[in-house]
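Presented below is the structure to which this report refers.
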Amino acid sequence: MDQLLAKKIQSLHQICQDEQLSLIHLHPQMKSHLQLKQLEMNKNYILNSYQSIHEQLNTLDQQVKDLQTILNEMKNNINLKNKYKNEMIELFNNYQLTKNRNTELTKFLNKYLLNEEEKLIILNGKINELFFKTFKKVHDNHLQLTDIIRLNNNYSKSLFEILEILSNLRSIGYERLTRWIQDQCKLLNNNLSNDFVEMELRIALHLLIERPILLNTCLKEITNYRILNLKNKFYFTLTNQIEILAHDSIKYISELFTFLHTNICNEKELFYHLLSNLNNNFINLKLIEIFENILNQMVWRIEQVILNLDLSINDIDVIAFKIYNLLSIYYYTFDKLLYQDLSSINNSINKEEEEEQVKEQDEKNKQLEEEDDDNCKGLKDIKSLQTLAFNKFIDKLTSDIQQCMEQLNIIEVPIDLLPPNELKLLLLHLNEILNLYNNEYSNDNDDILKCILNIYIDPLINFLNQLNLEKNNNDISIYIINCYFLIYNTLSAFQFTNNKCEVISTNMEKHLELFTQEQSKLILIETGLQDKLKILSSHIGPTTTNHSPSLTTAATSNTLNTETTTTKTTSEVTISGESGEREGDEKKGEGNDSNNEKKNLLSNYEGMDEQSLKNYFHNNFYNKLFSLGSIILTFHNSDRLLSTRLKTYTKNRIASDIYLAYKQIYNAIVDINSGYSNPKEIVYHDPEQVKTLLDL
């Protein structure tokens with residue numbers, strides 16, 4: 001409409017423009033007339049056109065109103081439909097929620113409640129893998145449902161009803177498991193068990209962990225059946241195998257403990273397999289109960305074996321010591337196997353009992369100590385057997401050493417000056433015992449070693465010292481040295497006897513020192529050097545001599561292992577001693593005139609003139625010098641020394657004393673103040689030549 005109206009207006013406007021152009025050329029009046037006429041025409045035309053447009057507009061307005069009415073109706077219809085739609089959506093959501101709730105409830109019920117088939121399995125079904133699986137489901141569901149109620153504070157009646165159903169089923173299952181485990185114990189007792197039965201038992205016992213009372217009942221039943229089984233097995237083995245070895249005490253006791261150790265290891269493996277999820281202390285308590293029951297059957301038998309050892313038999317001490325070693329081995333074996341990891345003996349499973357036993361710390365510690373003592377009864381029994389065997393061993397040692405001492409006191413010193421056979425047998429026996437000790441023990445058992453060595457060695461040392469006091473001569477000295485050397489040789493084979501070896505070595509060196517000094521003195525007298533030294537000592541007066549250090553313990557061990565022979569000389573001792581005898585005479589001559597010095601020349605002493613010395617050295621000393629080495633070795637039975645090293649040591653000591661005595665006399669003779677005109681004709685061998693001839 002608007003476009004049509006616009007076109008008409010545009011047309012009128014065009015006409016007016018055309019008219020205006022034409023009027024420009026007309027006459028003004030005409031032009032005016034025409035204009036008026038045209039205006040009127042335009043007016044009419046416009047009025048007519050407007051009327052038409054107005055009608056059209058009214059019509060259009062009516063149509064718009066009608067359309068508005070239709071739109072309002074449509075809007076109302078749409079709102080109504082939306083309302084219906086929202087109601088439908090709400091209904092659908094409610095339906096979906098209800099459906100989801102029903103689904104969840106169904107799932108919950110299916111999850112926490114058992115179906116009829118599963119209930120029958122728990123109530124009357126055969127206990128097998130399916131039963132364990134179903135019972136575990138009941139147990140887990142019960143725990144989960146309890147947690148749900150506790151954590152969410154959901155105290156719905158239906159939940160408690162479900163929980164009650166599960167509790168009843170679980171209680172019935174526990175009771176059936178307990179009875180079944182007790183029946184399975186008989187299968188284990190009859191040795192009909194296999195891996196499958198053990199696996200089922202293991203699962204059943206694991207399910208009873210939440211019921212400590214029932215678990216303890218089952219474990220007690222298993223323990224009693226295992227004890228009964230082992231006792232029957234022990235009596236059978238004892239009758240058919242072990243009693244045959246009753247004549248051999250060591251094998252008999254060894255077989256008893258071998259049986260015990262083997263079966264306890266098997267029981268430990270079985271219990272750890274069945275009770276792998278339990279506390280190790282609890283398992284060890286059950287094993288200790290089995291161990292002590294079987295050990296009780298053995299203790300009195302072993303005790304009788306030890307008590308019946310006859311002390312009159314020669315090797316009883318070795319047998320007793322071997323039994324002691326055997327008991328020590330099994331003591332530490334069972335300690336490590338059963339008791340080492342055992343801490344407090346409180347039942348770690350029974351939490352209710354633990355809470356009831358919580359007291360003050362002091363009372364608790366006392367209680368734990370008492371419980372530890374009770375649970376170590378098996379080790380105490382073995383320890384008592386050890387003590388009994390060791391006492392038997394000590395009694396035999398004491399008896400043997402007393403008999404040996406009595407025989408040594410009776411017998412005379414052998415002609416060959418070697419240790420008597422009684423001493424050799426005693427030391428051979430000691431060597432066997434020390435070998436046993438070396439194989440079985442380490443240095444942390446010093447008390448046993450000290451006891452053995454004190455029983456053996458101390459009486460021998462006292463005997464040899466007493467013998468030296470009663471019969472002090474060269475033969476007795478050699479005899480004592482040989483006895484000490486044999487004792488030292490026996491002990492030195494073991495590193496753990498070093499302390500006792502030092503004592504023996506010190507005593508031996510003391511006797512060897514006295515013997516070599518006496519031998520040196522006697523051989524100086526035999527060769528005539530002693531008389532010359534006395535004259536020389538009286539001539540020179542008191543002198544300060546440099547003595548070699550005396551033998552010590554350190555020098556002793558060096559002497560026994562090497563050929564070193566640096567010692568104190570007897571000649572110096574002799575000279576020192578003789579000089580003291582002349583000290584008074586020399587003090588009397590201190591005031592003499594210088595004329596008396598000529599009379600005090602060494603050559604003026606009796607026996608020290610030039611001719612006498614020539615006769616002595618040429619016809620006596622030098623003739624013996626070439627055979628002096630062999631004389632030293634055989635002089636007064638020196639060759640009877642048992643040790644080659646001691647023989648060499650003694651020979652070198654004596655030869656050194658002779659060399660030093662000769663050197664002192666030689667130096668005095670060749671001294672220009674001694675009064676000899678031609679000293680080289682008297683002593684034509686210098687000290688170094690003599691040293692060579694003496695093999696120094």
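The values are calculated or read from the model by the stated rules, or taken from the named source; none is laboratory data. This one's a predicted model, so the numbers in the text were calculated from it and none came from an experiment. Cβ coordinates were reconstructed from backbone atoms using ideal geometry, including for glycine residues, and neighbour counts include every protein chain displayed. Calculation scope for accessible area: heavy atoms of the full protein, side chains included, ligands and nucleic acids excluded. Shrake-Rupley method; radii C 1.70, N 1.55, O 1.52, S 1.80 Å.
At-a-glance table
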{"quantity": "In region 521-533, the residues that are assigned to a helix (DSSP H, G or I), out of contact with any Ser or Thr (no Cβ under 6 Å at 6 or more places or on another chain) and over 12 Å from Leu602 (Cα atoms)", "calculated": "Leu522, Ile523, Leu524, Ile525, Glu526, Thr527, Leu529, Gln530, Asp531"}
{"quantity": "Residue within region 137-144 that is in a helix (DSSP H, G or I) and farther than 30 Å from Ile222 by Cβ present", "calculated": "yes"}
{"quantity": "Cβ-Cβ under 6 Å pairs, at least 6 apart or on other chains, region 171-197 side in a helix (DSSP H, G or I) and open to solvent by 60 Å² or more (accessible area, probe 1.4 Å), far side modelled with pLDDT of 75 or more and of a type in the set (S, T, N, Q)", "calculated": "none"}
{"quantity": "Ser538 vs. criteria open to solvent by less than 10 Å² (accessible area, probe 1.4 Å) and either at pLDDT 85 or above or in a helix (DSSP H, G or I) (or both)", "calculated": "no"}
{"quantity": "Number of the exception - Asn279 against (1) among the polar types (S, T, N, Q); (2) open to solvent by 30 Å² or more (accessible area, probe 1.4 Å); (3) farther than 29 Å from Ile209 by Cα", "calculated": "(3)"}
{"quantity": "Checklist (1) out of contact with any Asp or Glu (no Cβ under 9 Å at 6 or more places or on another chain); (2) open to solvent by less than 80 Å² (accessible area, probe 1.4 Å) applied to Thr134, failing item", "calculated": "(1)"}
{"quantity": "From the options Leu151, Leu130, residue that is hydrophobic (A, V, I, L, M, F, W, C), at pLDDT below 80 and either part of a helix (DSSP H, G or I) or farther than 27 Å from Thr178 by Cα (or both)", "calculated": "Leu151"}
{"quantity": "Qualifying residue in region 392-403 (condition: among the aliphatic types (A, V, I, L, M) and in contact with a helix residue (DSSP H, G or I) (Cβ under 6 Å, 6 or more places away or on another chain))", "calculated": "yes"}
{"quantity": "Hits in region 306-323 - residues which are assigned to a helix (DSSP H, G or I) and open to solvent by 30 Å² or more (accessible area, probe 1.4 Å)", "calculated": "Leu307, Ile319, Lys322"}
{"quantity": "Candidate set: region 29-85, residues that are among the hydrophobic types (A, V, I, L, M, F, W, C) and open to solvent by less than 70 Å² (accessible area, probe 1.4 Å); chosen: the one nearest to the chain's Cα centre (by Cα)", "calculated": "Ile53"}
{"quantity": "Yes/no for Asn128 being in contact (Cβ under 8 Å) with a residue 24 or more places away in the chain and either surrounded by 11 or more Cβ atoms within 10 Å (Cβ to Cβ) or out of contact with any strand residue (DSSP E or B) (no Cβ under 8 Å at 6 or more places or on another chain) (or both)", "calculated": "yes"}
{"quantity": "Selection count where residues are touching a Lys or Arg at 6+ places or on another chain (Cβ under 7 Å) and open to solvent by 10 Å² or more (accessible area, probe 1.4 Å), scope region 282-296", "calculated": "1"}
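Residues are listed down the side, and each one gets a yes or a no for (1) within 35 Å of the chain's Cα centre (by Cα); (2) basic (Lys, Arg); (3) within 24 Å of Val305 (Cβ to Cβ):
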| residue | (1), (2), (3) |
| --- | --- |
| Leu208 | no, no, no |
| Leu215 | yes, no, no |
| Lys220 | yes, yes, no |
| Lys231 | yes, yes, yes |
| Phe234 | yes, no, yes |
| Thr237 | yes, no, yes |
| Asn240 | no, no, yes |
| His247 | no, no, yes |
| Ile253 | yes, no, yes |
